[in-house]
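Here the structure comes first, spelled out in structure tokens, and everything after it is commentary.
The values are calculated or read from the model by the stated rules, or taken from the named source; none is laboratory data. Source: prediction; values computed, not measured. Neighbour counts are summed over all protein chains in view; Cβ atoms, including those assigned to glycine, are modelled from backbone coordinates with ideal geometry. Areas reflect the complete protein model, heavy atoms only, side chains present, ligands, DNA and RNA absent. Shrake-Rupley method; radii C 1.70, N 1.55, O 1.52, S 1.80 Å.
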Amino acid sequence: MRVKRQTLFIVGAVLLLVGIAVLMVIIGRGHIVYVDNKTVEYNGNEYKAYNLVELSAKGNDPQEAFARDRILFKCVGQSLKIEYEATKKQSSSPEKGIINKKIPFSWDAVVVNLPAYFAGLPEEVWFTEFIQEPPADKSSSNEEIVFDEFTAF
Amino acid sequence: MKLLKNNSFNILTFFKDNSVPVMFVLICAVCIPVAGFPLQYLLSEIITRIGRNAFLILALLIPIMAGMGLNFGMTLGAMAGEIGLIFVCDWRIYGIPGIVLAMIISIPISVLLGWLCGTIMNMAKGREMITGYIMNYFINGIYQLIVLFCMGSIIPIKHSDILLPRGYGIRVTVDLINMRQSLDNLIAVRIGMIKIPVFTFILIALMCLFIVWFRKTKLGQDMRAVGQDMEVARATGITVERTRIISIIMSTVLAGFGMIIYLQNIGSLTTYTAHSQIGMFCIAALLVGGASVDKASIGNVFLGVILFHLMFIVAPNAGAAITGDSMIGEYFRVFVSYGVITVALAMYEAKKRRAKSLAGRKLAQAQKEEAK
């Protein structure tokens, strides 16, 4: 009876830990969000970069993106929420709004193109996965690990 | 500290019982003015280092309670913590969830290593410390095999920024920028230039409470009984070997957590060397706090962290001011770290022999009187 109780306790503890681990993976998954204020071409039309976009996202300092700028945010979890205040030309009044988007779990980094988003272009134009290029030549750039016979001691 | 003995203060007994902390107080008292650091800087550094190291040192208390001496095998837990952090970095889990996940990943590895270490220590009763010390090298070899050759080839590692450019093996340094000081900054209070990592201190306080509570539990009492006399404990029905293994497993798991707390504060992981000296410095700090091989308290942990790290902070500058070469201070602090362990072990052995010889003399005296 005692052994059975002990086994149940161990199984319960393991399940609890696994549950917490899964929860941590979901709520703690981090993504890099690159926000571009760059001119974009789509279907032969050109969508110009804005003069200035002020952006703020939870857990990050507010940032300003001038024309042709790329800024970086870190997003923890799958919900991306960026508040913006965009000024198209120096003389025009700013537009305010919020970008709300779910980031796919498997994406490490995403690129948000602001002019495409403001122009209401399809999602695949303004919200794309950023894939980092792997190192060009693995064999030529070996990071040498230097050990002497006493390193371990 | 035993200030009072038989209701009267005996200065000689006091110095005899607390020779190591007193020596370090004197060293610090000489070095602090010579080093010339402002008080605010020293306070800030000490608070940071208490937050960084106290949990690791607290992990040493349980095996001492079980009579297994200073657990040099805590390094195994540190390695488990590092493996947890490597996975969390690769899976891109940021902040507190990343730290919690690394701790959860470290648990099964620590339990396995702790069980292995405890089992081997049971085969080498009376020589637990040297066994633990040598176990470090053995497991370090396996750790290096896994991290340097298996990760990226057999164990999937997705991101190239933590892999060596050859495509397998982990880089010499792994950046923990996404977790850096997450625990410390969760609740942080600033008083002037001094940052107090309140949340880390809460965790340390909880750990202290756990140790106080654990001592009063059945298992805790069993460990104390085993620590006092294994044969008597066995005669009272305690499963000595199992109790000793549990104490080492607990210490290893807690050391894994401690290492994660330590590394989140530092903000980077030196994959192949971060754990190598951690056991040595934690044990040295505990001994500096007045602990011995068979007796240690929570008070010893905090006094040890303060004195040992104060010496660490001021020694290079004091060395430079006294001799003109800061390396002298550097050598001095390393020399003291090893020296204090050597002295503590020698004193423990001498005390044990003295007690044995006294018991022998008493027995001889009793036999003589009986013969009369």
Report summary line: Length-normalised contact order of chain A, Cα under 8 Å, at least 6 apart, in percent, tallies to 21
Query - Leading residue at positive end of dipole, the protein assembly as shown (Cβ point charges), from A:Gly44, B:Cys150, B:Ile322 - result: B:Ile322
Report task. Using the structure shown, list the pairs from B:Lys125/B:Lys295; B:Lys218/B:Lys352; B:Lys216/B:Lys362; B:Lys295/B:Lys368; A:Lys38/A:Lys89 with a Cα-Cα distance above 24 Å, or answer none. Result -> B:Lys218/B:Lys352; B:Lys216/B:Lys362; B:Lys295/B:Lys368
Requested in this report: For A:Asp69, list long-range residues whose amide hydrogen, built 1.01 Å from N in the peptide plane, is under 5 Å from its own amide hydrogen.
Outcome: A:Asn37
Requested in this report: Working from Cα positions, state the angle (0 to 90°, nearest 10) between the long axis of helix B:95-123 and the longest principal axis of chain B.
Outcome: 40
Report summary line: In units of 2.2 N^0.38 Å, the Cα radius of gyration of region B:112-231 is 1.55
Report summary line: Env charge @ B:Phe308, Cβ radius under 11 Å, K,R +1 / D,E -1, value +2
Query raised in the report: Excluding B:Cys282 itself, what net charge comes from residues whose Cβ is under 13 Å from its Cβ, given Lys and Arg +1 and Asp and Glu -1?
Result: +2
Requested in this report: Of all alpha-carbon pairs in the protein assembly as shown, indicate the percentage at a distance above 31 angstrom.
Outcome: 57
Requested in this report: Give me the accessible area buried between chains B and A, both sides summed, with a 1.4 Å probe, in Å² rounded to the nearest 100.
Outcome: 2200
Requested in this report: Sum up the charges of everything whose Cβ sits under 10 Å from the Cβ of A:Ile71, counting Lys and Arg as +1 and Asp and Glu as -1, but leave A:Ile71 out.
Outcome: -2
Requested in this report: Could you grab the Rg to Rh ratio for chain B? Cα atoms only, Kirkwood for Rh.
Outcome: 1.01
Query raised in the report: Using a cut-off of 18 Å between alpha-carbon atoms, which aspartates and glutamates can reach A:Lys74, once sequence neighbours fewer than 8 places away in the same chain are excluded?
Result: A:Asp36, A:Glu54, A:Asp61, A:Glu64, A:Glu83, A:Asp108, A:Glu129, B:Asp90, B:Asp161, B:Asp175
Report task. Among the aspartates and glutamates, select those whose C-alpha is under 16 Å from the C-alpha of B:Lys16, and discard any that sit fewer than 8 residues away in the same chain. Result -> B:Glu349
